[in-house]
Amino acid sequence: MHDTMVDYEKQMGLENFHPSLVKGPVGINMNSLGEADLFGSEPKIDARGVNFYYGSKKALNNINLGFLPRRVTAIIGPSGCGKSTFIRLLNRMHELVPGTRLEGEILLDGLDITGPACDAAELRKRVGMVFQKPNPFPKTIFENVAYGLEVNGVTDKELIRGKVIDSLKKAALWGEVKDRLKDSALGLSGGQQQRLCIARCLAVEPEVILFDEPCASLDPISTGKIEELILELKKEYTIIIVTHNMQQAARVSDRTAFFLMGELIEEGRTERIFKAPRDKRTEDYITGRFG
Amino acid sequence: MMNTHESAIASVPPVRQPARGRKKRGLTQKIGFAALAACMAANIFFLGAIIFFIGLKGLGAINWAFLTQAPRDAMTAGGVAPAIVGTLYLTLGAIMFALPLGVASAVYLTEYSPKGWIVNLLRVSVNNLAGVPSVVFGLFGLTVFVKYMGFGVSIISGSLTLGILALPVIISASQEALVAVPQSIREASLALGATQWETIRKVVLPAALPGILTGVILSVGRVAGETAPILFTAAAFYVKGYPDSPFSEVMALPYHIYALMTEGTHPEEQTRIAYGSSLILLALVLSVSMIAIFIRQRQRKTYHA
């Protein structure tokens, strides 16, 4: 696992980089770090002019942020900055909380998902989510992964079985659970449960996966496995990860967005954000002066 | 590292309490625990005493004929088989009516209904319903099911009346069970593209089932043993043969016991049969509960590691 991580950091030019070492804009030639993604592309998800209110309290203020396909975008920021609030808009999970209001538009492949024309259940099949705390169903391991298929109308037992195995393999959990698929998912360790939740999400074949602080309750080894998995998954999916952990953002993401008090302060290539933040507040945050 | 740690601990002056204060607190704790243990013992004593005396007085009356035959010779001989059958019918009928209705109401109240004062009022009303004396339910059943709806004195009238009696217990147990299902697994289901209804049916209800079954267990005990609600709606002192339709009058164990102790001309013989019937009623309630407990345990095993 470590080797992959090291390779990745080399490839990203991050091998000598540790966020805590950064004290301010270091001597980097800014021209070599253009803001366009190296791979350049239309955003998969595009939030435009998004304002969000809990009752009369404004939680997000004029967010304009795009997410590129097959890239990992990290959203960082101190507690209460609105980063979790923001990604819950992307699959409309915010609707579970009564008394909220959303302004602006959020485009998925160019089509607005905020209006009544878009069915929330259909949207959530395309935009999957992995939560802060592992939340497997109190069912067997197999049933957990099969659940998404069943609610989406798949009835062919063989097909379901194949998909379940496939998803568990993709989530790097198959080897650990293949002999106990009929055991309760609650018997797994925290890290295994979180990978099960990822497998459950993958089974539905989403296009985008939202990770809401997926490692917040995990130990470092489990965290490493999840991060490794995220790097693997980005080959196929658009990934957005909210994280408290700046090292994690640096390790897994291609792009980073920094939120502060409900506003998007700065977004760009991860390397550039960490080495040469343009905004003083970003710099203060990543150097640990607050947050 | 260890050393600095230990010395750090050693350097903290121990918190000293005046000796008298410490002694007093220790004594208070001992008295407290003793009182709790005494309460528990009293509980067990009464429970044990009930089972002991019913067993002592009832066991003598019970034999195979008692379980399988109808009463003979003006209730002084024979068995109580029709009353056992009647109680089973009434209890099962009541649960079949109250369980779906109660669970559905609880699901509506916890999952769907808009939060507000109307729902709170409904909740309070449901709880108050549990406090209504059972004879009042009996009169209600007489007016509505027996007379107005024309079911007559019958299994169906009795089952419906008992079902209404069981409803508040089932609703509040189900509500508690549903509220205890973590929000996080509801979110997990919705995030996979399930609708709210699918989420409730496939995730929330299975997770809440053990708690719901606890409500069923409690209400089976109550329903099977009630006399007043079936007094005017279902029960008869003596019915020839076994019920052949839901509209038949039936004998039932609790009413049978009541009748044996208050009517008739051979008090000694009747008392013996009444104790025998009580023992059977206890066993019946216990075995129906055991079935629910068994289902609950199996569910817990599958779902809760």
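The values are calculated or read from the model by the stated rules, or taken from the named source; none is laboratory data. Since the model is a prediction, treat every value here as computed from it, not as a measurement. Cβ coordinates were reconstructed from backbone atoms using ideal geometry, including for glycine residues, and neighbour counts include every protein chain displayed.
Couple of notes before you dig in:
- Residue match in the range A:135-147 (condition: within 24 Å of the chain's Cα centre (by Cα), surrounded by fewer than 19 Cβ atoms within 10 Å (Cβ to Cβ) and at negative phi): no
- Total residues in the range B:70-120, condition outside any helix (DSSP H, G or I) and closer than 30 Å to residue A:98 by Cβ: 4
- Residues that are within 23 Å of the chain's Cα centre (by Cα), at pLDDT 90 or above and either within 30 Å of residue A:134 (Cβ to Cβ) or more than 14 Å from chain A (Cβ to nearest Cβ) (or both) do not occur anywhere in the range B:186-200.
- Total residues in the range B:197-232 satisfying the condition of being in contact with a Phe, Trp or Tyr (Cβ under 9 Å, 6 or more places away or on another chain) and within 25 Å of residue B:85 (Cβ to Cβ): the figure is 6.
- Selection within the range A:103-135 - among the hydrophobic types (A, V, I, L, M, F, W, C) and more than 9 Å from chain B (Cβ to nearest Cβ): A:106, A:107, A:108, A:111, A:113, A:117, A:118
- Residue B:171 being modelled with pLDDT of 90 or more and away from chain A (no Cβ under 14 Å): yes
- On inspection, residue B:295 fails the criterion of being β-branched (Val, Ile, Thr), under 21 Å from the mean Cα position of the chain (by Cα) and at pLDDT 90 or above.
- Here residue B:246 passes the criteria (1) within 30 Å of residue B:110 (Cα to Cα); (2) outside any helix (DSSP H, G or I) except the one numbered (1).
- Where helices (runs of 4 or more DSSP H) sit wholly within the range A:203-291, those with at least 1 residues that are of a type in the set (Phe, Trp, Tyr) occupy A:270-275, A:280-286.
- Selection status of residue B:216, buried (at least 19 other Cβ atoms within 10 Å of the Cβ) and either touching a residue at least 12 places away in the same chain (Cβ under 8 Å) or closer than 26 Å to residue B:170 by Cα (or both): yes
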